[in-house]
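Undergrad: Encoded as structure tokens, here's the structure I'll be asking about.
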Amino acid sequence: MSQVPAYKRILLKLSGEALMGDDSYGINRTTIEQIVGQIKEVVELGVEVGIVIGGGNIFRGVAPAAAGMDRATADYMGMMATVMNALALKDAMTKVGLIARVQSALTMQQIAEPYVRGKAMQYLEEGKVVIFAAGTGNPFFTTDTAAALRGMEMNVDIMLKATKVDGVYTDDPKKNPDAVRYQTLTFDEAISRNLKVMDATAFALCRDQNLNIKVFSIFKNGALRRVVLGEDEGTLVHC
Ligand code: UDP
């Protein structure tokens with residue numbers, strides 16, 4: 001099997017829930033170590049890695065915990081949750097010898113660098129992992145949209161959307177044993193079949209800018225490496 005990566009630069013979107021593992025809240029140590037192990041494998045292949053991390057494992061602007069709150073305030077809390085996850089991810093990466101930098105869309109200079117596009121590009125070229133925290137920096141958006149935005153700004157070759165399910169299926173595979181995974185889909189097919197790949201704003205941005213999306217499970221050992229090597233893993237959504 002070829003060891004030559006199919007992509008030079010990737011943007012990995014990790015939801016906050018991915019860090020939770022089977023817990024109901026927060027960050028699960030074993031899970032974060034498993035994810036970081038997968039990231040290390042692709043960094044060692046020479047792939048440049050940017051990551052947008054969500055915050056849903058800690059706080060979401062639209063969660064019941066935010067009921068009755070001013071939406072923008074709740075969303076700022078959600079963005080701060082992503083910064084916590086980013087710091088945890090960076091810490092876990094450092095422990096396995098990766099060099100990671102956190103850049104935040106909200107200024108928090110004591111704990112993270114501000115987002116500066118040129119600097120982030122430089123880090124990627126140097127082989128450092130860049131973790132983009134605080135989403136877009138704006139309320140009423142999601143980290144999926146931040147991932148589309150940063151992916152385009154970083155000129156990545158592909159957006160990798162890490163989920164619990166190993167791709168996009170014809171139906172919910174947990175409920176329907178006959179559900180089949182799509183190997184590939186066009187953006188238009190995903191829309192006409194009403195298949196949810198990313199949130200609508202993120203999806204529209206990727207489609208408009210021809211940024212292909214690969215949906216895969218980060219919980220399958222070695223899945224990220226197989227995706228990066230261009231093997232049949234997950235679902236490719238393309239133009
Ligand atoms: N958020 C926001 N603007 C952004 C990104 C995130 O306001 O650009 C807030 C929003 O409240 C969201 C929370 O941060 O609910 C966590 O992000 P998200 O829900 O995208 O995390 P994930 O589902 O990926 O864990």
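The values are calculated or read from the model by the stated rules, or taken from the named source; none is laboratory data. Computed from a predicted structure; not experimentally measured. Here Cβ is always computed from backbone atoms with ideal geometry, including for glycine, and neighbour counts include all displayed protein chains. The protein model used for the area step is the full one, side chains on, heavy atoms only, and it has no ligands, DNA or RNA in it. Shrake-Rupley method; radii C 1.70, N 1.55, O 1.52, S 1.80 Å.
Undergrad: Among the lysines, which have Cα under 26 Å from the Cα of LYS174 when same-chain residues fewer than 8 positions away are ignored?
TA: Here the lysines satisfying the reach criterion relative to LYS174 are LYS13, LYS161, LYS164, LYS196, LYS214, LYS220.
Undergrad: Sticking with this one: About its Cα centre, how strong a charge dipole does the chain have in debye, to the nearest 20, once Lys and Arg get +1 and Asp and Glu get -1 at the Cβ?
TA: 240
Undergrad: From the residues THR107, MET80, MET152, which one has its Cα farthest along the dipole of the chain in the positive direction, the dipole being from +1 and -1 charges on Cβ of Lys/Arg and Asp/Glu about the Cα centre?
TA: About the Cα centre, the residue reaching furthest to the positive side is THR107.
Undergrad: Ignoring ligands, DNA and RNA, how do GLU33, GLU44 rank by accessible area with a 1.4 Å probe, largest first?
TA: GLU44, GLU33
Undergrad: Taking the highest mean first, how do the peptides 125-134, 106-115 order by number of other beta carbon atoms within 10 angstrom per residue?
TA: Highest to lowest by the protection proxy: 125-134, 106-115.
Undergrad: Okay, next question. So for the chain: antiparallel DSSP bridges make up what percent, rounded to the nearest 5?
TA: Close to 10 percent.
Undergrad: Taking R0 as 25 Å, what FRET efficiency do you get between LYS164 and ASN194 from their Cβ-Cβ distance, rounded to the nearest 0.05?
TA: Plugging the Cβ-Cβ distance into 1/(1 + (r/R0)^6) gives 0.80.
Undergrad: How much accessible area per residue does the chain have, in Å², with a 1.4 Å probe?
TA: Accessible area per residue, the chain: 46 Å².
Undergrad: Taking the simple approach of a point 7 Å from Cα along Cα-to-Cβ for both GLN3 and VAL180, what is their distance in nm?
TA: 3.6
Undergrad: Hey, how much of the P(r) for the stretch 1-151 falls beyond 29 Å, as a percent of Cα pairs?
TA: 14
Undergrad: Using a Förster distance of 22 angstrom, determine the FRET efficiency expected from the C-beta separation of VAL116 and ASN155, and round it to 0.05.
TA: 0.90
Undergrad: Determine, from the Cβ-Cβ distance of LYS220 and ASP70 and an R0 of 35 Å, the FRET efficiency 1/(1 + (r/R0)^6), rounded to the nearest 0.05.
TA: 0.30
Undergrad: Oh, and also: Hey, can you rank 202-211, 49-58, 9-18 by average C-beta count inside 10 Å, highest first?
TA: 49-58, 9-18, 202-211
Undergrad: How large is the convex hull of the C-alpha atoms of the stretch 75-137 per residue, in Å³?
TA: With only Cα atoms used, the stretch 75-137 gives 67 Å³ per residue.
Undergrad: So between THR201 and GLU231, what do we pick up on full extension, going 0.36 nm a residue minus the alpha carbon distance?
TA: Length gained, THR201 through GLU231: 8.0 nm.
Undergrad: Another question, if that's okay. What is the sum of charges, Lys and Arg at +1 and Asp and Glu at -1, for the other residues whose Cβ falls under 12 Å from the Cβ of ARG60?
TA: Around ARG60, the surrounding residues sum to -1.
Undergrad: Roughly to the nearest percent, how much of the accessible area of the chain is carbon and sulfur, given a 1.4 Å probe?
TA: 51
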